[in-house]
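Below is one structure, written out as structure tokens; the observations come after it.
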Amino acid sequence: MSIWLLLNQSIEVYLLMRPLAVACISGLAFLGSICAFLRVLRHLDSEVVQPT
């Protein structure tokens, strides 16, 4: 996407869109890792044997 923007759009559009795209992708990756981590914690918690 970055190369396409650089070659097909003006430099102003490139300088505006690239940081926004990077921020969106980074945010989605962050949320994905948090969700995966919470899922692992739930899975581990369900395996723990509760003392009776």
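Bear in mind that the values in this text are calculations on the coordinates, not laboratory data. These numbers were taken from a predicted model, which means no experiment stands behind them.
Using only Cα atoms, find the angle between the long axis of helix 11-47 and the longest principal axis of the chain, and express it within 0 to 90 degrees, rounded to the nearest 10.
10
Hey, what number do you get for the chain at 222 nm if only DSSP H runs of n ≥ 4 count, each worth -39500 (n - 2.57), divided across all residues, to the nearest 500?
-29500 deg cm²/dmol
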